[in-house]
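Only one structure is covered here, and it is reproduced in the block below.
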Amino acid sequence: MKKKYFLTFLLIGFTISFQSFLFVKYDFQTGKKLPAVKVKNIEGEYVDVSKINNGENPIIFIFWATWCGPCIRELNNVAELYEDWQQKTGVQIYAVSIDDSRATSKISAFVEGKRWPYNILLDSNQDLMRALGFSNPPFTALVNKDGEIVWTHNSYIEGDEYELEEKIKEISGQ
Amino acid sequence: MKFFNVPLLSLMLLSNPATSQKSSENFVNAGSFTGNIQVDFQYYQEDSTIFFLPQQKMGLNSWGEFTYRYQGLTAGLRYEAFQHPLIGYSIKTKGQGIPFRYINYKKDEFEITAGDYYVQFGNGLLLRTYQDRGLGIDNALDGIRLGYTIADKIHLTGISGKPRHFFGKDTSIIRGGDAQIDISDFINEKSKFKWTSGFSYVSRYYPVGDFDTTYPAYVEAYSYRTQIGYKKLNLEGEIARKSTDPLDYINFRNKNEGKVYYINASYATKGLGVSGQYKRIIQFDFRSNPTAQGLDYFLNFLPPIAKFYSLKEFTRYPFTSTGTSEQGIQGEITYSPKIGKTLLLNYSKVHDADWKEKYYESVYVEGDMKISKKLKSIVSYQYLDYDQRLQQKIGKVYAHIFLADLSYRIRKKINLRGEVQYLMTGQDKGDWIYGLLEFTIAPHYSFAVIDEVNLGKNPEIHFYTLSASYSKGSHKFLLTYGRQSEGWQCAGGVCRYIPAYNGAGISVLSNF
């Protein structure tokens, strides 16, 4: 008798758990957070990417390399619009160099020499690049206030910065 | 089974919280699922003018990568298929399977990876494993990696694993450790004075026979690095040593110890950046297998002391580190009176370790100008003096290389760009000219026409290419058709040779 009671309860238990499994909605999309990958800042210190935040405002990551022509075009063109974007949306841009390790101090000289107004990060073994799943720069990722990647774009052609502008305004509710 | 009580069961089902509440309240974070697909396909056609007789009708390289993340847990795998590798990739890449799979767990200061992973210690002088699809490089380690961070200031890494070798594994075992300490943060985190230091150790075990004295069973290498930054100044250095490591084809079984000295200094202020580097390398080509040839089995990365280029004529004679005996200097100045208007100067020179023989010397000047709101130009010039005998290539080359690039913004998102490259040399195949015309409509469409002629040897053969691409968000499709001249595909100073060929190509690149 006891055994039968036990089996019945077990069966009921299973049915309920299986049902919960079926009817609860599993949401993959909102989980697309910035990965917890370490990159270096210009001073050579480690920075955990998942901990980067900009309060209530969006963040943009632009991946580039000193030898990548389209990347330099993109960063030049975005630099001219950046001040305007910042005033309107409070956006912060991180230019992430995937150049190899040869060049921590060479990159700071290059970026300053170009008058680029960005925060610079160094992904010298391309760990962040792999975590985001692209294999060639330029790559642009737009991140909302909750640290979720909401839009990405691989490659750059002249004028793409205006599409990025529209996307930033969209998520900032303008 | 009389107790199989239907009414009771229905009651239980109805009272199940999962069905009784509104579905919108039932979201459970199931983690994230991301990945990417890349497919490169080429269809070849015979072309007797360039002596191209394809041994295979088509080539296909494809990758599919899938990553799942749930809180501290990350698991991923990559499927690869190169049943007929594209022209220019080694035939050894042939195969298919899942050469890359791992599980990674992170919690607070602790991290563990089991399976395949990429890792770099310091500047990569001792160890750098990475993947570059364009170059056909992947030397991921298969094993265990541990990471631990103390007080956010000391970063420790320990590894053990076997390197990937195409679709198999190498016989050697690589073990090592790295520690980086953010010294200045112990004194004052807010200070403008920044000081970090690091130590690395790597050992390679290679199984040798009992009486075999050709190669040592163990090769050990260690290094010390430091970086000091104060306001606009930055100073960085690394020294490394390696025990006797005779390699078959690279240093003719030289039994000397390996040494590297590397110094990098820079000054950066708004609108002006100056940097200088010095490097000396003796017997520091580090491979997981002493029988290695070419780019096979490499474990470390010796940063080349020359500027990297990616344009066709500027990479016709690309510089590569010899790894055996080399000493070099490099200086670079970047100056911009305003954004978009830049003057860049680069000088680099590489000799043997005793500064007796010159291998490479290059002077590079580049000017970026914004002529009007719509019109932009880039002009550059390089003087090159390169002794390629060391790479067993064509001997000494002196070249002058020019670039003129004009870009005209017709409307906000419509652009027309033209580019001319000219390579002038009395050696090898003589002069080359390259022209490109590109019309783009952002954010989706791009069309380009390319023509290239070797004026020195075959002025009647045109290497023409037509290409069109469509991109939307993180998806990209590319079509190409035409005849390609031989050349090098370079990314970050590492290059892959691609012989001349003729055909059509389709590439699909997608992130999800």
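The values are calculated or read from the model by the stated rules, or taken from the named source; none is laboratory data. Everything quoted here is computed from the prediction, not taken from an experiment. In this analysis, Cβ positions are derived from the backbone assuming ideal geometry, glycine residues included, and neighbour counts consider all displayed protein chains. Note: accessible area is taken over every heavy atom of the protein model, side chains too, but ligands, DNA and RNA are not part of it. Shrake-Rupley method; radii C 1.70, N 1.55, O 1.52, S 1.80 Å.
Here are some notes:
- Computed FRET value (nearest 0.05) for B:K270 with B:V39, which takes r as the C-beta separation and R₀ as 60 Å: 0.85
- Every helix of 4 or more DSSP H residues in the protein assembly as shown counts as -39500 (n - 2.57), and over all residues that averages to -4000 deg cm²/dmol at 222 nm.
- As a fraction of the 1.4 Å probe accessible area of segment B:367-487, surface on carbon and sulfur atoms comes out at 64 percent.
- With Cα atoms defining each centre, segment B:46-79 and segment B:88-141 are spaced 16 Å apart in the structure.
- Look at the stretch B:334-343: the mean tally of other chain Cβ atoms within 10 Å of its residues' Cβ atoms is 5.
- Using distinct alpha-carbon pairs, which all enter the 1/r mean, Kirkwood radius of chain B in Å: 26.5 Å
- Peptide A:123-136, shielding by other chains (average Cβ, 10 Å cutoff): 6
- Average other protein chain Cβ within 10 Å of Cβ, residues A:66-72: 4
- Sorting the segments B:434-444, B:292-302 by their residues' average number of neighbouring beta-carbon atoms within 10 angstrom, most packed first, yields B:292-302, B:434-444.
- Spatially proximal lysines relative to B:K472 (Cα-Cα < 16 Å; intrachain offsets below 8 disregarded): A:K167, B:K413
- Estimated translational D of segment B:151-300 in µm²/s (Stokes, Kirkwood radius over Cα pairs; 10 °C; 1.306 mPa s): 90 µm²/s
- Cross-link partners of B:K376 among aspartates and glutamates, defined as those whose alpha carbon lies under 20 angstrom from its own and excluding same-chain residues fewer than eight positions apart: A:E74, A:E80, A:E158, A:D160, A:E161, B:E366, B:D368, B:D405, B:E419, B:E438.
- Label-zone membership for segment B:386-426, site B:L455, 7 angstrom Cα→C-beta point, backbone N under 17 Å: B:398-405, B:419-426
- The residues neighbouring B:V449, those whose beta-carbon lies less than 12 Å from its own, together hold a net charge of -3 under the Lys/Arg +1, Asp/Glu -1 convention.
- Estimated distance in nm for a label pair at B:T213 and B:F167, the labels positioned 7 Å out from Cα along Cα-to-Cβ: 4.1 nm
- With the biggest extent put first, the Cα atoms of segment A:29-171 measure 38, 31, 25 Å across the principal axes.
- Rounded Å value of the spacing that divides the Cα centres of segment B:300-365 and segment B:474-495: 22 Å
- Straight-distance candidates among the aspartates and glutamates for linking to B:K232, with alpha-carbon spacing under 17 Å and chain neighbours fewer than 8 residues away dropped: A:E43, A:E45, A:E112, B:E332.
- Amide hydrogen neighbours beyond the local backbone of B:G323, cut-off 5 Å, H modeled: none
- Zone of A:E170's modelled label, taken as backbone nitrogen in segment B:472-510 under 19 Å from a point 7 Å along Cα→Cβ: B:472-477, B:510
- Checked against a 25 Å cut-off, the cross-linked pairs B:K338/B:K373; A:K40/B:K370; B:K94/B:K169; B:K153/B:K231 give Cα-Cα distances beyond that limit for A:K40/B:K370.
- Counting 0.36 nm for each residue step from B:L479 to B:E357 and taking away their Cα separation leaves a gain of 39.3 nm.
- Between B:V365 and B:D387, the simple label model (points 7 Å from Cα in the Cβ direction) yields a spacing of 2.7 nm.
- Cleavage-rule hits (GluC sites (Glu not before Pro)) in segment A:49-92: DSSP loop, at most 14 neighbouring Cβ within 10 angstrom: A:E56
- Expressed as a whole percent, the proportion of Cα-Cα pairs in the protein assembly as shown lying more than 39 Å apart is 37%.
- Virtual paramagnetic centre 7 Å along Cα→Cβ of A:D84, amide N under 11 Å, in segment A:142-164: A:162
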